[in-house]
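To keep things clear, I will list the structure first and then write my remarks on it.
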Amino acid sequence: MRKLLLLLWLALPVCGFSQGFQVNLEGEKQIGMGHTGTGTLLDGASVFFNPGAVAMLPENYIQAGISPLVFDSEFNPSGTNTTYRTANKIATPFTFYGVWGPKSSFWKFGLGIYTPFGGLTDWGDSWAGKYVLESLDLKTIFFQPTLSIKVTDFMSIGAGFVYNHADIDLTQAIPLQNSSGQDGQAHLSGTGKGYGWNAGVFFKTESGVTIGISHRSGVSTNFNGNAIFSVAPSLQPNFPQPNSFTSPVALPPTNSIGFGFYPTSQWTLALDANFVGWDVFKTLAFNYKVTSSAVSSSVFPQNYNDAVSLRAGAQYKSSDKMAWRFGGGYATTAIPDGYVSPQVPDANRFYLTGGIGYKLAHHLDVDASFEFEHLMPRTQTTIQTQLSGTYETNVYIPGVSLSYHW
């Protein structure tokens with residue numbers, strides 16, 4: 001019983017930290033172009049993609065967007081023909097950017113508010129893995145003030161401070177039935193906060209190619225909240241109430257390099273490569289304020305690996321008012337064999353994107369995008385829970401944003 005209950009919080013890092021839920025939905029133009037943006041100047045989302053590029057933006061920006069995300073995963077337990085699916089709930093990653101600087105100045109100030117990690121997974125209360133997880137809702141919101149400086153006509157630099165606010169809500173069945181035959185349930189909810197920084201440099205070459213390099217630091221986030229255990233009255237002494245928990249979690253650093261190519265005035269081509277330092281996540285420590293024979297603090301191995309993603313995209317301007325975008329990429333998983341679980345059944349993946357931009361007025365643009373991700377089927381037996389089976393997942397992400405620029 002002790003091990004089973006403590007495994008409840010293994011759900012947090014898997015959902016929050018898989019390659020799949022480092023959501024990367026930080027700009028509709030960039031999404032449409034395969035999530036490229038480190039080495040190009042597209043709009044105010046450069047605050048996220050490359051703070052060093054912000055001073056090179058020809059205009060100031062206020063823009064906001066939302067990218068509703070549907071995570072469709074299925075699980076086939078080993079040795080059976082049964083298939084379980086997640087509920088079609090919608091997560092809502094969003095962005096807000098502001099960029100301002102005097103005309104012809106060497107500096108610009110930027111502010112970004114965005115959701116780079118998170119997830120919404122609901123397997124229900126009657127599936128084979130209900131004692132591992134029923135549902136999980138994780139949200140992180142990053143606040144990033146940024147200063148960017150044009151050092152020369154061909155180079156600019158920038159950096160930003162990051163504050164992270166996170167929310168977590170998780171439920172899991174407990175295999176202890178009451179007199180009516182109903183399982184017990186554990187419900188954990190709480191908040192977390194952490195701090196980090198972003199920095200970047202942007203170059204314009206004599207050949208016209210643009211190059212960007214950026215670093216997003218790791219963000220150590222400390223979670224704390226309430227733990228509620230619903231069990232039969234005769235078992236309640238083993239589950240102290242009220243109770244609370246704490247858990248320090250390290251979000252990984254990311255290094256990126258990107259290139260922009262401009263073969264004609266109508267075409268923009270982009271390439272990005274990202275290296276995500278998941279190697280920092282080797283263990284998870286979890287502590288309850290009040291312990292018992294069933295509820296105890298422990299440290300669990302995670303042994304994550306570093307991950308890489310390669311991205312490519314293009315934009316074609318068919319007129320002064322209309323732009324068409326497309327792209328795609330491939331990303332490796334951070335989760336090694338033996339540690340994959342239903343919280344987010346991560347695997348190597350490919351994705352395809354498309355988008356459209358339209359100038360509504362002289363200073364007002366609307367941009368829309370759509371993304372499809374496919375995670376390769378992966379058969380796993382989770383070391384901690386011995387849940388065994390095959391996972392397969394698709395992700396569907398439409399998005400829209402409005403940008404005012406002057």
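The values are calculated or read from the model by the stated rules, or taken from the named source; none is laboratory data. All values derive from a computational prediction rather than experimental measurement. Neighbour counts are summed over all protein chains in view; Cβ atoms, including those assigned to glycine, are modelled from backbone coordinates with ideal geometry. What goes into the accessible areas is simple: the full protein's heavy atoms, side chains included, and nothing from ligands, DNA or RNA. Shrake-Rupley method; radii C 1.70, N 1.55, O 1.52, S 1.80 Å.
Pulled fully out, how much extra length does the chain show between ALA361 and PHE143, if you take 0.36 nm times their separation in residues and subtract their Cα-Cα distance?
75.5 nm
Select from region 100-149 those chymotrypsin sites (Phe, Trp or Tyr not before Pro) which occupy a DSSP coil region and have at most 11 other Cβ atoms within 10 Å, ordered by residue number.
Qualifying residues, ordered by number: none.
In straight Cα distance, which aspartates and glutamates are under 13 Å from LYS282, not counting same-chain residues fewer than 8 positions off?
Candidates past the 8-residue exclusion: ASP306.
Taking every eigenvalue of the Cα gyration tensor of region 212-360, multiplying by 5 and rooting it, what semi-axes result, largest first, whole Å?
Here the semi-axes work out to 46, 18, 14 Å.
With only alpha-carbon pairs counted, each pair once and no self-pairs, how large is the Kirkwood hydrodynamic radius of the chain in angstroms?
22.1 Å
Tell me, in nm to one decimal, what length is gained between GLU59 and THR82 on full extension, where the rule is 0.36 nm per residue of separation less the Cα-Cα distance?
Difference between extended and current length: 2.7 nm.
Need the full-extension length gain, GLU206 to ASP125, defined as separation in residues times 0.36 nm minus the C-alpha distance. One decimal, nm.
23.1 nm
Once R0 is set to 30 Å, what does the formula 1/(1 + (r/R0)^6) return for the Cβ-Cβ distance between THR92 and PHE261, expressed as a FRET efficiency to the nearest 0.05?
Calculated transfer efficiency: 0.35.
List the longest stretch of the chain that has no exposed loop site; here a site is one of the trypsin sites (Lys or Arg not before Pro) assigned by DSSP to anything other than H, G, I, E or B, with at most 13 other Cβ within 10 Å.
104-281
Can you give the log10 of the normalised intensity I(q)/I(0) at q = 0.22 Å⁻¹, computed with Debye over equal Cα scatterers of region 46-165?
Log-scaled intensity ratios, in q order: -1.13.
How large a share of the accessible area of the chain, in percent, is made up of carbon and sulfur atoms when the probe is 1.4 Å and the other protein chains stay in place?
That share works out to 61 percent.
Keeping all protein chains in the complex and leaving out DNA, RNA and ligands, what accessible area do you get for VAL70 with a 1.4 Å probe, in Å² to the nearest 10?
Approximately 40 Å² of VAL70 is accessible to the 1.4 Å probe.
Could you check the simple spin-label distance between PHE161 and TRP324, using points 7 Å along Cα→Cβ, in nm with one decimal?
Going by the 7 Å Cα→Cβ label model, 4.6 nm.
Taking a quarter of the surface of the Cα convex hull of region 322-406, what do you get in nm²?
For the Cα atoms of region 322-406, the hull's average projected area reads 6.9 nm².
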